[in-house]
Amino acid sequence: MAPLEGLNTSYLKDQSLKKLLNLLEGVRGKKSLVLDRALSGSVGLIAKFSTLQDYGVDTIFWLQDGVIEHTKLQKNVVVLCNATSRNARLVAAQVQANSTIPGGEFEHSVFLVPRRTLVFEKILEEQGVLGDVTIGEYPLYFIPLEPDLLSLELESSFEELYLRKDYTSIFYSAKALMELQQKFGLFPRIIGKGDLAWKLAETLMRMRNEVVVDEGLGPLDLAPSSIIENIVIIERGVDPVTPLLTQLTYEGLIDETFGIKHSKVELDPTIIGAGPTPAPNAASSSSNTPITTTATKKRTVNLDSSDTLYEELRDTNFTVVGNILNKIALRLSADYEGRHQAKTVTEIRQFVSKLSGLQQEHASLKVHTGMAEEITKTTRSDFFNKCLEVQQNLAAGSDPSSQNGSISELMMRGTPVETVLRLLTLESVLCNGLRPKDLDNFKREVRHAYGHQHILTLDALEKMGLLLPKHPASLARTNYNTVRKNLNLIVDEVNEQDPDDIAYVYSGYAPLSIRLVQCVVQKDALGLAGSKGKGHVTGGSGWRGFEEAIRGVGGRTFDEIQSGEDKAVRARMILNGYNERKLTVVFFLGGCTFTEIAALRFLAKKDAGKREILICTTGIINGDKMMKAAIPNLKH
Amino acid sequence: MASSSPTDGWELVENHFYRKIQSYTGLWEEDPLDLSEYLVAAAPYGGALALYRTDTEPRAYRGTQQKPSIDLYTCSGKPIRKLPWDKGVVKGLGWSDDEKLLVITADGKVRCYHDLQGDFSQFTLGYGTETHGVRDVRFWSSGFVALTGDNRLIAVSRYDEPRPRLLADPEVPQETPIHSWAIVPPAYTLSRHVEVFLAVEKTIYIVDQTEVQNQMMDQGPFLHISVSPNGNLTALYSESERVWVVSTDFQNKWSEVDVGMGGTHPIDMVWCSNDSVVLAWQDEVQMMGPNGIALRYFYDDRVHVLPDVDGVKLLSGGKLEFLQKVPDILEEIFRIGSTSPASVLLDAIDQLEKESPKADDDIQLIRQQLPEAVNSCIQAAGYEFNVHWQKQLLKAASFGKSVLELYNSDEFVEMTETLRVLNAVRYYEVGMPLTYDQYLRLTPEKLIERLLNRQQHLFALRISEYLHLATAPKIYIHWACLKVRHSSLPEDEICRTIVDKLSSQPGISFEEVARTAFNEGRGHLATQLLNYEPRAGKQVPLLLSMEEDDIALDKAIESGDTDLIQFVLMHLKKKLPLAQFFRVVNPRPVAYSLIESEARQDDRELLKDLYYQDDRRADGAYVVLEEALMADELPKELDKLSLTTKLLSDSKLHLVDAAAISEFSALLTFQENLERILASPYLHLSLNDTALQLLKQNHSTQANKLKSEFKIPDTTYTYLRLRAWIHRRDWPAIEEYSIKNKKSPIGWVPFFEELANAKQPKVAALFVEKCGGAPRERMERWERIGMVVEACKVAIQVGDWAAVEELKVKLKNEGERREVERLVEGKKRR
């Protein structure tokens, strides 16, 4: 995927890698790296294991319960972890254990992600090891997964925001966005929906003032951007329906079926063939590190735009994937046949030079055909179709009681608990709650089918507002009955081959979150009375024209203008040029799905040449992950 | 002003000129000091001088015993401050690049004075220095290395968070003298960590953090070692009065010189910039070029040689001089007989002043190189100390650029501004003899900091404005802090003055001022000032130390920074009784959830207390339920479960949940029983899975018992039976069931589906007609299990000819096709 013209995000990766290597370089000699599991994915996206080796890392351990035996450690121990209290205690325990070794003389360095915190230091102090540890920070915020997609890779942000009411991820999001603003200028307009989204906007605006004091910036240093037109902040809680539905794009279905983690998927070799072993990187195991996978050797496949075939397939509806694969297979075999035409030495040489590209494509085709076949097995099953039927009926607003029988039947047949909970919560969210009698019945059925520990799950879902007894529409977070009509969420005629609306990603349902973005950036596409702003307005026209239509969507609606001194704005325009092409940043607080990414790319493609969209998110989410947030994680 | 020649004091050494400039004279005029009694250290970049009188030598009685002190002066001898000193023998006195004074005592205590006003922080070196003592110390720009009594080396590389580290052990016995030693600053070593050269016996050891390397030399013992400022070269002075200059890696020798002073060894040897080595005796200074001693200067009394980045300062008898290599650009212009374009341009201005037409001749002569000449004149002005010549050079540049058609004057303007600042700070009242190079390295911002340390606020502000620096807020804050510290006005008035002055400035942090007020014991003033702080987060730590707990918590919440909130909460939890702690937390939802989520992870008792005091019965009960689920043995689990039930039953709202938990206990007991009877694992399966497992293993009695005891609905039970049969591939059982029962609680469709999925068309066929449904559905079912003929039969029966045509294609063989044709005929005939 080509970088965005307005804003090249590749610097983020380089910058993060450089910072990491600088930290490692600061510790002399060979070192053992103790890594927080939660960070392994992010670090893996930044640095290869071999690069870390070049910088003296000789072994990698996980930071987890239980102390690492000192004989396995180098004298230099480098810990890279999130700044959580739990990690602080683990680090303290390790340091204490190492200090009892006579003649050990270990040097401990701890690098906290994304910043040093008072609490972490306080805990080390309480455990009496603060003096024995050198503390630094590794400011890792946004990681570019693709040129148009930045993620904080905060996996538990949804759980923290909605179940624990812990707003750390809002603060980190603000920090990350502030960094973008410092680099590219202030977002001229901050538009958004949702109470937590507003909290983020508020924090961001306050941070702007604080940065001026902190870094002693002049008025010219933080002027509104001439590259970015606006930012739209969408909070997951405003639209829980979208991730609860089964994603129907290729990438979405890969995620639903196998689970994509940090742009990678682990597959059983029986699906795609053994293939060459991928080069080991920081996160994956390697023979000389103590981290070894105990399960059967799975094959890791990178899913990103470096694979051109995947690039072509990822955002299409799954129904057309088979066709595309077919076509490509035909073309490939034709290309291979080209060798027969090659008669002269030059022609043969030309063919050979193409060969490695062909082989690569061939390998990728094999992988994707394998995956698509495996997914087809699922999509053909009557479980899958029953779920899909229930989902689509509910989304379209049909009587929920007619669906209850199907949900019960799925439970009796032993469908995975997440799938069933997704349907139940979907019904609750779409229909403003379940009838109390139905709710009690379902709860009992869940307990009986999946175990009584799910009393806790059901309680958590209730706390998250996802599974509630019937309540008046006015109390609902988002009232789908009005929104469905106002924003045209259900599109009956969907052309999956050559889509004309974002609804193709769910074969008929348009994600509410993306409709909201459209209200801001693509008003005419909604075909509704969006009055066009006259003349040049700072950062577009915000919600104008859709104030009524989005009334039913939960949470605060906001539209703030960040202005700067005129002089500064002009200076920036002169420096960067005033370009007609606009860039909108869409930020998902609480995570976004692959379908939403696909839909936004679809929007951007429609407006090609006029507008680009940079997608930012706290992480990638799907319905199963949302449900897992509620399911207690208990060790027996 | 008839000015002296610009080349006064220039002396030729080999191919280059050196110059000695009198920076200041008449130091300590009223009260002359005998410098031989003093340890002297000068801060880099023309910074302050620190003097400490040593007790090593006998000296003249001076009346009543003076209190020992470390005295700070400007380079022009103006006293800055007297720091009282009663901590014992000083072994090291040095400065950091940012003008922090470091004092290291014999027993390993280190004091770091942050400003020149006596504020300090203190730490100890440890590693046994309390007993062995410190012998000597060497400093670099941001750290130092101490040599201890037992010949170990301790390095400190930063002062904000000092962490003394022991370097590798050179294993030199305590009795073996270390003749001399030097350090290579981290910036100039390969490892980027400090390295130390130790002269032991006849050789030199190189010591770093991890290893010791013996250079195996035999020219020693070396009485002095000195590393050049850029770390490339090292000078060694041996007992045989010879000086070697070698590369710092000891691989190349650049020169070797016999000094030969007849047995008196110099007391010091330092580098003058990176070009030459200066040797100092009691009252004599010699400079050594590559081929031997080149310059000698004699003094009346003790001379101190104080190296700076681009030369050395010589301090002796009330005079401060600066010795440096003449910058190339000056040499190019002023050297006698120079014909460089810049030199010609300078002559032109001279002619112009004499109103001589030769001025134009000069210009025509260098027409081609004029831009270059202008630039040279501008640069040279920077390096010139004499104001007259600065002006002459700038005039020349100005004249030259007026002739040029296109010229960017930025550099010229910048240089005039810089020179104005340089001349101002060199003025003896300020006393900072900054050279142009030093100024560039120091940066204007750091210069402002130094002025602040000297309490020259107005001066600093003027420079800051003059150079358009963004340092104004810093100056105002510094000023305000001093005001808070020293003003005797009533607090309200102080607050008003400060706010009046500061509020007009953007980007001012009041927090720092408020903290100063608080540290001075002016609590009320601190609170007042803190209200003006724009950053909520910054107020928190101060508020905590002021014991304004509630406000601190509110401000932390306002900042949105969860780390701060948690920090305040940790602080409060430790400080307050639990009940009071909860009273503070309860009304603040953000804080409440943080405590809840934190406690869930690692303090379950606190979590229970939290729920109990807040009357959240069910949540409290669920904590116990979680514990039950995590219990490692069944009796414990059952105990916890009954406790959960009890807690839930307390409230009418949760009776359903209480019943569910009782049911859970019953199930566990039932499962335990099963395990005993059937000797296979059942515990912790869900109710349905338990039944399924029993059915799969054909324990129908137990399954039925389970069904009746836990009231499994018929629908569910039938499904489970079906799944178990399929699992066991017990097709006869399914057939039997279908014959025995007219109806099934779940209808017949699931039977068909499961059998079709299990690829059992024959058995599935039994159910197609039982399933009923529209003809099309029936056709589909037949087709799905591969019985297309049957599907056709249905189609024919209802006369759906379109369907028949579609299905015909899928027929497998001729026989089937013929049969279908026959049936069609039959139907049509009728």
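Miscellaneous remarks
- Filtering segment B:192-206 to residues that are of a type outside the set (D, E, K, R) and either more than 17 Å from B:Arg158 (Cβ to Cβ) or away from chain A (no Cβ under 14 Å) (or both) leaves B:Val196, B:Phe197, B:Leu198, B:Ala199, B:Val200, B:Thr203, B:Ile204, B:Tyr205, B:Ile206.
- Test result for B:Tyr622, surrounded by 17 or more Cβ atoms within 10 Å (Cβ to Cβ), free of Cβ contacts under 8 Å to residues at least 60 places away in the same chain and within 9 Å of chain A (Cβ to nearest Cβ): yes
- Unique residue being part of a helix (DSSP H, G or I), within 14 Å of chain B (Cβ to nearest Cβ) and under 30 Å from A:Ser306 (Cβ atoms) when the list is A:Thr378, A:Thr369, A:Thr457: A:Thr378
Residue-wise test of (1) of a type outside the set (Asp, Glu); (2) surrounded by fewer than 17 Cβ atoms within 10 Å (Cβ to Cβ).
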{"site": "B:Gln215", "(1), (2)": "yes, yes"}
{"site": "B:Pro221", "(1), (2)": "yes, no"}
{"site": "B:Pro229", "(1), (2)": "yes, no"}
{"site": "B:Glu239", "(1), (2)": "no, yes"}
{"site": "B:Ser247", "(1), (2)": "yes, yes"}
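- Considering residues of segment A:229-276 that are of a type in the set (Gly, Ala, Ser) and either in a helix (DSSP H, G or I) or on the phi > 0 side of the Ramachandran plot (or both) only, the residue surrounded by the most Cβ atoms within 10 Å (Cβ to Cβ): A:Gly252
- Among the candidates B:Ala774, B:Ala802, B:Ala756, residue that is of a type in the set (Gly, Ala, Ser) and surrounded by 16 or more Cβ atoms within 10 Å (Cβ to Cβ): B:Ala756
- Residues satisfying the stated conditions in segment A:117-157, i.e. in a strand (DSSP E or B), within 14 Å of chain B (Cβ to nearest Cβ) and not charged (D, E, K, R): A:Val133, A:Thr134, A:Ile135, A:Gly136
- Restricting segment B:698-712 to residues that are within 11 Å of another protein chain (Cβ to nearest Cβ) and either outside any helix (DSSP H, G or I) or under 60 Å from the mean Cα position of the chain (by Cα) (or both), the residue that is surrounded by the fewest Cβ atoms within 10 Å (Cβ to Cβ): B:Lys711
- All of (1) within 21 Å of A:Glu409 (Cα to Cα); (2) buried (at least 16 other Cβ atoms within 10 Å of the Cβ) hold for B:Pro745 with one exception: (2).
- When we screen A:Asn393, A:Asn404 for residues that are under 23 Å from B:Asp714 (Cβ atoms) and either within 14 Å of chain B (Cβ to nearest Cβ) or outside any loop (DSSP other than H, G, I, E, B) (or both), the only hit is A:Asn404.
- Residue in segment B:608-615 that is more than 13 Å from every other protein chain (Cβ to nearest Cβ) and within 30 Å of A:Met207 (Cα to Cα) present: no
- B:Leu695 within 11 Å of chain A (Cβ to nearest Cβ) and either of a type outside the set (Gly, Ala, Ser) or part of a helix (DSSP H, G or I) (or both): no
- Residue match in segment A:43-51 (condition: assigned to a helix (DSSP H, G or I), of a type outside the set (Ser, Thr, Tyr), modelled with pLDDT under 90 and farther than 21 Å from A:Leu112 by Cβ): yes
- Strands (runs of 3 or more DSSP E) completely within segment B:92-204 that count 3 or more residues being among the aliphatic types (A, V, I, L, M): B:101-105, B:143-148, B:153-156, B:178-184, B:195-200
- Pairs, first assigned to a helix (DSSP H, G or I) in segment B:365-380, second of a type in the set (Lys, Arg), C-beta under 7 Å, six or more apart: B:Val374/B:Lys401
- A:Phe111 vs. criteria at pLDDT 90 or above, touching a Gly at 6+ places or on another chain (Cβ under 6 Å) and not in a helix (DSSP H, G or I): yes
- Among the residues here, B:Asp160 does not qualify as away from every other protein chain (no Cβ under 14 Å), without any contact (Cβ under 8 Å) to a residue 60 or more places away in the chain and over 21 Å from A:Phe106 (Cβ atoms).
- Any hit, segment A:9-24, residues being surrounded by fewer than 16 Cβ atoms within 10 Å (Cβ to Cβ) and either farther than 29 Å from A:Leu186 by Cβ or within 14 Å of chain B (Cβ to nearest Cβ) (or both): yes
- No other residue among B:Leu452, B:Leu543, B:Leu482 is surrounded by fewer than 19 Cβ atoms within 10 Å (Cβ to Cβ), in contact with a helix residue (DSSP H, G or I) (Cβ under 9 Å, 6 or more places away or on another chain) and assigned to a helix (DSSP H, G or I) apart from B:Leu482.
- Counting only helices (runs of 4 or more DSSP H) that sit wholly inside segment B:713-800, those with at least 1 residues that are within 30 Å of B:Ser686 (Cβ to Cβ) and within 12 Å of chain A (Cβ to nearest Cβ) are B:714-728, B:749-757.
- Residue within segment A:134-148 that is in contact with a Gly (Cβ under 6 Å, 6 or more places away or on another chain) and over 20 Å from B:Glu161 (Cα atoms) present: no
- Residues being over 15 Å from B:Pro79 (Cβ atoms) and either at pLDDT 85 or above or outside any loop (DSSP other than H, G, I, E, B) (or both) - total across segment B:5-41: 18
- Put simply, of B:Asp650, B:Asp639, B:Asp609, B:Asp619 the only residue that is out of contact with any strand residue (DSSP E or B) (no Cβ under 8 Å at 6 or more places or on another chain), within 27 Å of A:Ala460 (Cα to Cα) and at pLDDT below 90 is B:Asp650.
- Note on segment A:522-636: enclosed helices (runs of 4 or more DSSP H) holding 3 or more residues that are at pLDDT 70 or above are A:594-606, A:623-630.
- Exactly one residue out of A:Ser32, A:Ser42 is away from chain B (no Cβ under 14 Å), closer than 23 Å to A:Gly619 by Cα and buried (at least 16 other Cβ atoms within 10 Å of the Cβ): that is A:Ser42.
- Selection from segment A:70-95 of residues that are within 13 Å of chain B (Cβ to nearest Cβ), among the hydrophobic types (A, V, I, L, M, F, W, C) and part of a loop (DSSP other than H, G, I, E, B): A:Ala83
- Selection within segment A:96-108 - within 11 Å of chain B (Cβ to nearest Cβ) and either outside any strand (DSSP E or B) or polar (S, T, N, Q) (or both): A:Glu105
- Considered as a group, the residues in segment A:74-91 that are surrounded by fewer than 22 Cβ atoms within 10 Å (Cβ to Cβ) and out of contact with any strand residue (DSSP E or B) (no Cβ under 7 Å at 6 or more places or on another chain) include one that is modelled with the highest pLDDT, and that residue is A:Arg89.
- For segment B:458-474, the candidate set comprises residues that are surrounded by 18 or more Cβ atoms within 10 Å (Cβ to Cβ) and not in a loop (DSSP other than H, G, I, E, B); within that set, the residue that is farthest from the other protein chains (Cβ to nearest Cβ) is B:Phe459.
The values are calculated or read from the model by the stated rules, or taken from the named source; none is laboratory data. It should be emphasised that the depicted structure is a prediction, and the values quoted were computed from it without experimental measurement. A quick note on method: Cβ atoms are made from the backbone with ideal geometry, for glycine too, and the neighbour counts reach across all protein chains shown.
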